[in-house]
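A short worksheet on the structure shown next.
Values quoted throughout were computed directly from the atomic coordinates according to the rules given, and no laboratory measurement underlies them. None of these values were measured; they are calculated from a predicted model. For neighbour counting, all protein chains shown are included, and Cβ atoms are generated from backbone atoms with ideal geometry for every residue, glycine included.
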């Protein structure tokens, strides 16, 4: 009966999409800590992620990033020289998308103590989603970022906006996971899970 009812199937689909990360089963996380050593873990390799050049001049020369860096800088987001990242090309119907993913760490400001046990190092995950170079703008594409309990970012690239990319930046403690959902017209294009576990590198 459930399978014959479109309304019930839509409801079930939306409920499953809203399940927190802790309840999701079988999804392998991409360990972004490997990127700081110029490496990809097995999950990243399986998804055909490409490491971006590590030197800043080479990073700047990667096609399509000049305008992105300028937009980020005007919005107050500075990418540190130690940042490392990947990019991934995604195809969906007539959309040619590219997802840039950058990561860097924020060291603890003071040593943790009994009175301040939560003062620990953190990691930054910066996502930039748009069209591949020379492809038409990906208007209508949606970028969603979640942590273990809630939606942190929920953005759609609108034609009336001045941007041709979606940006999202989140900060988490080491070993914290973030789920990235990319969709178009309620159809999932990519469902990615990122973590930062330097002790496994």
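Structure summary
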{"item": "Two-site label geometry, residue 175 and residue 193: point separation in nm, points 7 Å out along Cα→Cβ", "result": "1.6 nm"}
{"item": "For a label point 7 Å along the Cα-to-beta-carbon line of residue 109, residues of region 154-184 with backbone N under 17 Å", "result": "171-173"}
{"item": "Residue 186-residue 45 FRET efficiency (beta carbon distance; Förster radius 25 Å; 0.05 resolution)", "result": "0.25"}
{"item": "Two-site label geometry, residue 37 and residue 74: point separation in nm, points 7 Å out along Cα→Cβ", "result": "4.0 nm"}
